[in-house]
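Each remark here refers to the structure printed beneath this line.
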Amino acid sequence: MAEALGMIECRSFPAVVEAADAMVKAAKVELVSYEKTGGGYVTAVIRGDVAAVKAACEAGQAGAAKVGEIVAVHIIARPHSNVDLVIPLGRKDQVATELKKSKRDD
């Protein structure tokens, strides 16, 4: 199963909470974090298989639009493992373990 990363950025905390709630109810995805980026902007980050993340982001977009302003919606299918090592998106420990195993195998 190919794992994807989905993000919805909103211009208010209530809107991102509504988006996050709609996303986890709409599909089998995991809400891994949220990030306050300043100026009232907040991003919710989810993970799951590609189809589930796409469905969840669509539902989250519809939910957030009822409450506030959507700034951006973005989906990354199979993000590179270096992204997870540098940015805390819910898989840092798992990726670090995988990299250690691959280095031992070399």
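The values are calculated or read from the model by the stated rules, or taken from the named source; none is laboratory data. Everything numeric in this text was worked out from a predicted model, so none of it was measured. As a convention, Cβ positions derive from the backbone with ideal geometry for all residues, glycine included, and neighbour counts pool all protein chains shown. All accessible areas refer to the heavy atoms of the entire protein, side chains included, with ligands and DNA or RNA removed. Shrake-Rupley method; radii C 1.70, N 1.55, O 1.52, S 1.80 Å.
Listed by chain and number, the lysines whose alpha-carbon sits under 16 Å from that of LYS54, ignoring those within fewer than 8 places in the same chain, are LYS25, LYS28. In loop segments of region 1-90 as defined by DSSP, the GluC sites (Glu not before Pro) with at most 16 further C-beta atoms inside 10 Å of their C-beta are GLU69.
Put a dot 7 Å past the Cα of ALA77, heading toward its Cβ, do the same for GLU30, and the two dots end up 2.1 nm apart. Rolling a 1.4 angstrom probe over the protein heavy atoms with all chains in place gives region 29-84 an accessible area of 54 Å² per residue. Extension gain, VAL86 to ARG11: 0.36 nm times the residue separation minus the Cα-Cα distance gives 24.5 nm. Across region 53-77, the residues whose backbone nitrogen lies under 18 Å from the label position 7 Å along the beta-carbon direction of THR37 are 57-58, 60-62, 64-65, 68-77.
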